[in-house]
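The values are calculated or read from the model by the stated rules, or taken from the named source; none is laboratory data. Since the structure is predicted, the reported quantities are computational estimates derived from the model, not experimental observations. We place every Cβ from the backbone using ideal geometry, glycine too, and count neighbours over all the protein chains shown. In case anyone asks, the SASA skips ligands and DNA or RNA and just uses the protein heavy atoms, side chains included. Shrake-Rupley method; radii C 1.70, N 1.55, O 1.52, S 1.80 Å.
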Amino acid sequence: MEYQQKMHKTVEQYAGMYRDTLQRNNIPDADKKTEEYKAKLAGMYATEEYRRRESLYPTMQMSKIYAVVAMCLMLQSYGYQKEEIFDIVNGAFRKLKALLYGLEKVIDSTPLAWPIARKWNLNEYANRQKDGSITFEMFDAKPDRIEYKINGCQYVAVFESFGIREMCKIFCMTDTQAYANLTRHVRFERYSDLSDGEVCWDVVSKK
């Protein structure tokens, strides 16, 4: 019962964000579409596959991933194209993104930007090694440069299981968006990602 109440609150939370972004984009019948979204997401959370993934990959925020997948599926069913869906879904998380961007701008203004960015990457690698939610073909960390190639990712796997692998780029884009605010001391280069390629290949280095 406690778990069901928790998931009900989670559905309501993401439904509120979904309704807000529908209204901001002047999409008609926002209330009706929100109710359809709630039913869709609640059904996805109730599956054994969701429970399995949530249990196997604790370093991932699986509830958020499924919430975004549900948004993509619903918007796709209304005839929206990929780039439109990206804009609408990103808008649903605009408040959280604004807080993160503000923090990143503060970090960017200090010489600590590179040590912090380097530590983020090292911690991310260590955490993903624990549950295997992301697998690395290679990970090379030097004092002034980190390069990695990711050949397996559960973010991609979830989107792919719903037939919309290419829309996982919504999550891939969070890296480029974050590093866009860390330009004084950090250089970020992405050569490919797993949403539409065979590897995610990034290089993060000190300027």
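Values as computed for the structure displayed
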item	result
Filter pass, Thr110 being among the polar types (S, T, N, Q), part of a helix (DSSP H, G or I) and at pLDDT below 95	no
Filter result (within 18 Å of the chain's Cα centre (by Cα) and either among the basic types (Lys, Arg) or open to solvent by less than 20 Å² (accessible area, probe 1.4 Å) (or both)) within the range 126-148	Arg128, Ser133, Ile134
Index of the failed condition, Ala113 passing every other in (1) buried (at least 18 other Cβ atoms within 10 Å of the Cβ); (2) under 30 Å from Thr21 (Cα atoms); (3) more than 13 Å from the chain's Cα centre (by Cα)	(2)
Residue in the range 149-194 that is modelled with the lowest pLDDT, counting only those that are open to solvent by less than 60 Å² (accessible area, probe 1.4 Å) and of a type in the set (Asp, Glu)	Asp175
Meets criteria (out of contact with any helix residue (DSSP H, G or I) (no Cβ under 6 Å at 6 or more places or on another chain), farther than 19 Å from Met173 by Cβ and not in a loop (DSSP other than H, G, I, E, B)) for Arg52	yes
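Okay, residues lined up against (1) within 19 Å of the chain's Cα centre (by Cα); (2) in a loop (DSSP other than H, G, I, E, B):
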position	(1), (2)
Tyr14	yes, no
Met17	yes, no
Lys32	no, no
Glu35	no, no
Lys38	no, no
Leu41	yes, no
Leu73	yes, no
Gly79	no, yes
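To keep it simple, each residue is scored yes or no on (1) surrounded by 14 or more Cβ atoms within 10 Å (Cβ to Cβ); (2) over 17 Å from Thr21 (Cβ atoms); (3) in contact with a Gly (Cβ under 9 Å, 6 or more places away or on another chain); (4) free of Cβ contacts under 8 Å to residues at least 60 places away in the same chain.
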residue: Ala46; (1), (2), (3), (4): no, yes, no, yes
residue: Tyr50; (1), (2), (3), (4): yes, yes, no, yes
residue: Ser63; (1), (2), (3), (4): yes, yes, no, yes
residue: Glu83; (1), (2), (3), (4): no, no, no, yes
residue: Phe93; (1), (2), (3), (4): yes, no, no, no
